[in-house]
Amino acid sequence: MAKIEIVVVGTHGEVRPQLALGLALRDAGHEVIMCAPPNEEAWITSYGLKFHSAGCDMHSVIKNLNKYMGRPVQMLKAVKETLQSIIHDQFHRVSEASKDVDLIIGGGEPFAAPSIATKNQIPYIFVNLVTQFLPSSNYPPTVIPWQNMPKWMNQICWKMVNSLINLSIKGIINEHRSQMGLAAIKDVYDYMFGDIELCISAINEILDPAPEHTFNHVQTGLWHVPEVVDTDLEPELVKFLEDGPPPVYIGFGSMSDSNPQETIGIIEDTVNALGVRAIISKGWGNLCKNMDSKNTYMVGFVSHYKLFPKMAAVVHHGGPGTVYTAAWSGVPQVIVPHMLDHYYQGNLLYKKNLIPKAINRSKLTSEKLASAIQQAITDKVIIDNNIQLGKKLRKVDKEGIAKAVSLIEEVLYRHGKNKQEIKQSII
């Protein structure tokens, strides 16, 4: 048995697959500590895992960054300030949770984790949830909203963003490394990926095959969190679903909203113009205005894996977890990118003829949203493509997590954990 620390700094959608990995590692006999944003503590501990705060509340972070959506220059400045705050907290809090661990697994923005692993002389594995997060000339960095640029332009963007990241956070990382007695780093990307033991991309290659990388990289497919209590959808929601044709789901997940009343007005006008039924998620944007109860139903937290297969289409922000769940469900999507990798996700699915063209959040109107939904629910090619994709994803659904656990245990074995001991812990 090994003691494993999982450090994830990100939104709920980024924490979910890491929690799934933690549960699978625990079931394999390992001791697991989840180091995550404090707003996730109650949810994580409900599964019986140990929790340690990683510092920042991601709800507040996202609320601040949302103010700069559609403005890449301002977004870069805001990201710099945000990362500086996050990194200071990480070095102190993650170090506290790292005593006597055999392995650190990082996800999201775990900038302190590689240094702490080096200090403790233990292996470090990075879990990636977005293909675009890993440097490649095939696409621009996440802070660049413009997709489909030539490779040479993407390379320029990576060099530019890399330079800005180095100017923004390399000094803070080196300040803490100096206090730990570690050598200074020269480049943040080299620091994150250059000496990495393994990078696991929890992205299904059927949906988004990753390009080649110079570091040790394996693609597995996304991992799912089982419900603490496997309950059915609430009775009122079930009744709404049974009382008419499949509705359209509309929700923007962990994205905050500076003007929720305006957004709910756009949604209301869209639903009325199309004459469709809709399920509207309140989300972090607090979209809570009551609408026509005959045609709409407001939900808080609900299992997407149980709800999405019953939808005519899913409208959302473009987070990778929501993208995958809707694709797994075999239903068309409409993506409204808010920030960062959302633009990449929208472009990826559009090029595969799985969705209508994405609508940038800053340019969202009821007319544009109605047109996209209408196309999603009537275009036979889009509908059929999604049905076929869903069948393929469901067929290989459970293979990814088993592959990830096996890869992690091979790393432990290479670093001195007895293979027989690992096998016995599984039994």
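Hey, could you check the stretch 1-39 for residues that are over 18 Å from Arg93 (Cα atoms) and among the basic types (Lys, Arg) and say which is modelled with the highest pLDDT? Among them, the one singled out is Arg26.
Exactly one residue out of His224, His213 is in a loop (DSSP other than H, G, I, E, B), within 28 Å of Met339 (Cβ to Cβ) and either among the aromatic types (Phe, Trp, Tyr) or touching a helix residue (DSSP H, G or I) at 6+ places or on another chain (Cβ under 6 Å) (or both): that is His224. Considering the conditions (1) among the charged types (D, E, K, R); (2) part of a helix (DSSP H, G or I); (3) modelled with pLDDT of 90 or more, Glu262 is excluded by exactly one of them, (3).
Please specify each residue of the stretch 259-283 satisfying the condition of being touching a Leu at 6+ places or on another chain (Cβ under 8 Å), over 14 Å from Ala370 (Cα atoms) and surrounded by fewer than 21 Cβ atoms within 10 Å (Cβ to Cβ).
Pro260
Which residue is surrounded by the fewest Cβ atoms within 10 Å (Cβ to Cβ), if the candidates are limited to the stretch 130-159 and must be touching a residue at least 60 places away in the same chain (Cβ under 8 Å) and either in contact with a Gly (Cβ under 6 Å, 6 or more places away or on another chain) or part of a helix (DSSP H, G or I) (or both)? Checked the stretch 130-159; the qualifying residue surrounded by the fewest Cβ atoms within 10 Å (Cβ to Cβ) is Phe133.
Per-residue answers, yes or no, for (1) among the β-branched types (Val, Ile, Thr); (2) closer than 30 Å to Thr220 by Cβ; (3) surrounded by fewer than 20 Cβ atoms within 10 Å (Cβ to Cβ):
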{"position": "Lys368", "(1), (2), (3)": "no, no, yes"}
{"position": "Ala376", "(1), (2), (3)": "no, yes, no"}
{"position": "Asn385", "(1), (2), (3)": "no, yes, yes"}
{"position": "Gly390", "(1), (2), (3)": "no, yes, yes"}
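Somewhere in the stretch 267-290, is a residue modelled with pLDDT of 90 or more, in a helix (DSSP H, G or I) and either touching a Gly at 6+ places or on another chain (Cβ under 9 Å) or polar (S, T, N, Q) (or both)? Yes, that holds for at least one residue.
Here is a check on your reading of the model: is Glu212 touching a strand residue (DSSP E or B) at 6+ places or on another chain (Cβ under 8 Å), within 30 Å of Ile401 (Cα to Cα), of a type in the set (Asp, Glu) and assigned by TED's automatic domain parsing to the domain that holds Arg414?
no
Hey, any hits in the stretch 40-48 for a residue that's under 30 Å from Val161 (Cα atoms), polar (S, T, N, Q) and either out of contact with any Ser or Thr (no Cβ under 7 Å at 6 or more places or on another chain) or modelled with pLDDT under 95 (or both)? No - not one qualifying residue is present in the stretch 40-48. Here Pro332 meets the list (1) modelled with pLDDT under 95; (2) surrounded by 13 or more Cβ atoms within 10 Å (Cβ to Cβ) almost entirely, failing just condition (1). Within the option set Ile200, Ile165, Ile185, Ile173, being among the aliphatic types (A, V, I, L, M), surrounded by 19 or more Cβ atoms within 10 Å (Cβ to Cβ) and over 22 Å from the mean Cα position of the chain (by Cα) holds for one residue only, Ile173. Of all residues in the stretch 378-406, those that are touching a residue at least 24 places away in the same chain (Cβ under 8 Å) have Cβ atoms under 7 Å from Cβ atoms of residues that are hydroxyl-bearing (Ser, Thr, Tyr) and crowded, with 18+ Cβ neighbours inside 10 Å, 6 or more apart or on another chain, in Gly390/Ser329; Gly400/Thr220; Lys403/Thr220; Ala404/Thr220. Of everything in the stretch 335-363 that is of a type in the set (Val, Ile, Thr) and more than 21 Å from Thr11 (Cα to Cα), the residue that is surrounded by the fewest Cβ atoms within 10 Å (Cβ to Cβ) is Ile359. Within the stretch 90-129, being out of contact with any Phe, Trp or Tyr (no Cβ under 6 Å at 6 or more places or on another chain), closer than 18 Å to Ala36 by Cβ, among the aliphatic types (A, V, I, L, M) and assigned to a loop (DSSP other than H, G, I, E, B) holds for Val101, Leu129. Do we find that Asn295 is within 22 Å of Ile266 (Cα to Cα) and in contact with a strand residue (DSSP E or B) (Cβ under 7 Å, 6 or more places away or on another chain) in this structure? Yes, satisfied.
The values are calculated or read from the model by the stated rules, or taken from the named source; none is laboratory data. Keep in mind the model is a prediction, meaning the values are calculated, not measured. Heads up, the Cβs are rebuilt from the backbone with ideal geometry, glycines too, and the neighbour counts pull from every protein chain shown.
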